[in-house]
Amino acid sequence: MGGNDNVNLSISALLKDTLMVDRLSIEEAISKLNTRLSNQKLKIDTKQIEEFSKIIDSISILQTNPKKEISNTCNKIKDTTKLNYLSNLISYAYLSLSINDFTKSFLDSIEIVNDIEKKYIKYTAILLKYGWTPAKHITLPEINKIIELYDSDIDRKQALINKKIITFYRKELLEDVLNEWSKRKILQDRLDILKNIIDAHISGKYSLAVPVLLAQIEGVIAKGFCHKGQMHEPCYKAYINEILSFNPHNGYNILISDFFVNSMMVDFTYGEPVGSKTSRHAILHGADTNYGTEENSLKLILFLDYIQSKFQYFSCNSSNVYHLAGCNMVHPISRDEAKTEPSNISEYFVISTSKKKRYFTKNMIFYENEDTPILNGLRPCKMCIAD
């Protein structure tokens, strides 16, 4: 079982599968959860606020006799070292509050989480509207300020929101982002380039950072999909849509995919105004000479950060092994083309061109964490995933 820093087993994802409303008692649910957590390295990512909604939909501990349920299961939870924090929380609530107070506290917590989720949804919509990928490092107080600015009647609110995000991502935080990247398998062969990008951005050399960022985004996607051969624009778009849509629970990914197509992949014509500040074609072909801004550079840094985070684990068709994204043991994949539209369309990339649609086998399955491939009977790669 993998024990590296890249393992991120989301507690909300586990709860989604194990705590079914009105179907499992707390005792049964905890027992099942503990079994599935065996030999796992658990990490809770508090930045993923949008996942809170899954917890709300899944947890049902206020049953017929919650006092008895809590009393009977606290000791069992204590035996699981990886859930000590949960045991302590429940034990403290049970010992210090009456059951009515505990119930009220629990319901109040749900209201708080609901409120946070609504704010995060609005914050995400605001950022996408202004051309930003949702920034995972932004704190809740800053999110509140961005929403307040957007709802205000002041002029130039977009410029003020842009400035707030830029101010938030100063040198120390950008160095933290680079440190996070250094731990990612998929980025190992381009770390020197990424460091130069961050250094250029911090130094104000945005005209150097932007084109390199555009190239590295494409490189990360090609690496993540084990691409072989030339990668034309329709294929590039298909890859982006795939990595941003394989998780059906996250509606933000679809919006970000649309943002990518409508902002970064905008075409241009020499002698005419460019339709986007971050048009890949206009910048790399030299038509846009005004791209070198702090805003454009940071937008692409955050987009790269978001895209690389989507590549976690994968397996190849007909293989019983799963890998970390970027594993060097997996060679570039040749994808077969179907002559007609296949019946099992979900197993194919649909490459749309001006003339027709083409269908290529995916040959890969992506996973957010190690839970699903393990449940499917796959074993970890001995080279990229440590025992």
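The values are calculated or read from the model by the stated rules, or taken from the named source; none is laboratory data. Everything numeric here is computed off the predicted structure, so don't read it as measured data. Positions of Cβ are backbone-derived with ideal geometry, glycine not excepted, and every protein chain shown enters the neighbour counts.
Considering each residue of the range 302-311 in turn, none proves to be over 23 Å from the mean Cα position of the chain (by Cα) and among the acidic types (Asp, Glu).
Per-residue answers, yes or no, for (1) closer than 30 Å to Thr278 by Cα; (2) in contact with a strand residue (DSSP E or B) (Cβ under 7 Å, 6 or more places away or on another chain); (3) in the same structural domain as Asp189 (by TED's automatic domain parsing):
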position	(1), (2), (3)
Ser297	yes, no, yes
Ile307	yes, no, yes
Leu324	no, yes, yes
Arg335	no, yes, yes
Ser346	no, no, yes
Ser354	yes, no, yes
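Residues in the range 350-387 that are β-branched (Val, Ile, Thr) and either free of Cβ contacts under 8 Å to residues at least 60 places away in the same chain or surrounded by 18 or more Cβ atoms within 10 Å (Cβ to Cβ) (or both): Ile351, Thr361, Ile365, Thr372, Ile374, Ile385. All conditions in (1) loosely packed, with under 15 Cβ neighbours inside 10 Å; (2) in a loop (DSSP other than H, G, I, E, B); (3) in contact with a Lys or Arg (Cβ under 9 Å, 6 or more places away or on another chain); (4) not acidic (Asp, Glu) hold for Ser318, with the sole exception of (3).
Would you confirm whether or not the range 163-177 contains a residue that is more than 19 Å from Leu127 (Cβ to Cβ), among the aliphatic types (A, V, I, L, M), touching a residue at least 12 places away in the same chain (Cβ under 8 Å) and in contact with a helix residue (DSSP H, G or I) (Cβ under 7 Å, 6 or more places away or on another chain)?
Narrowing the range 163-177 to residues more than 19 Å from Leu127 (Cβ to Cβ): 171-172, 175-176.
Filter once more, so that each one left must be among the aliphatic types (A, V, I, L, M): none.
Within the range 163-177, not a single residue is more than 19 Å from Leu127 (Cβ to Cβ), among the aliphatic types (A, V, I, L, M), touching a residue at least 12 places away in the same chain (Cβ under 8 Å) and in contact with a helix residue (DSSP H, G or I) (Cβ under 7 Å, 6 or more places away or on another chain).
Where residues in the range 307-350 are aromatic (Phe, Trp, Tyr) and in contact with a helix residue (DSSP H, G or I) (Cβ under 7 Å, 6 or more places away or on another chain), which of them is farthest from Asn262 (Cα to Cα)?
Let us first name the residues in the range 307-350 that are aromatic (Phe, Trp, Tyr), namely 311, 313-314, 322, 348-349.
Those still in the list that are in contact with a helix residue (DSSP H, G or I) (Cβ under 7 Å, 6 or more places away or on another chain) too: 311, 313, 322, 349.
Values: Phe311: 22, Tyr313: 28, Tyr322: 34, Phe349: 20 Å.
It comes out as Tyr322.
Suppose we filter the range 186-212 for residues that are under 16 Å from Leu302 (Cβ atoms) and either β-branched (Val, Ile, Thr) or at pLDDT below 95 (or both); how many remain? Please lay out each step first, then the result.
Filtering the range 186-212 for residues under 16 Å from Leu302 (Cβ atoms) gives 187, 194, 197-198, 200-202, 206, 209-210, 212.
Next cut, either β-branched (Val, Ile, Thr) or at pLDDT below 95 (or both) only: 197-198, 202, 210, 212.
Residues flagged as under 16 Å from Leu302 (Cβ atoms) and either β-branched (Val, Ile, Thr) or at pLDDT below 95 (or both) within the range 186-212 amount to 5.
With respect to Ser297, is the statement that it is closer than 30 Å to Lys163 by Cβ and either without any contact (Cβ under 8 Å) to a residue 60 or more places away in the chain or within 22 Å of the chain's Cα centre (by Cα) (or both) true? Give the steps one after another, and end with the answer.
Values: closer than 30 Å to Lys163 by Cβ: yes; either without any contact (Cβ under 8 Å) to a residue 60 or more places away in the chain or within 22 Å of the chain's Cα centre (by Cα) (or both): yes.
Against the criterion (closer than 30 Å to Lys163 by Cβ and either without any contact (Cβ under 8 Å) to a residue 60 or more places away in the chain or within 22 Å of the chain's Cα centre (by Cα) (or both)), Ser297 qualifies.
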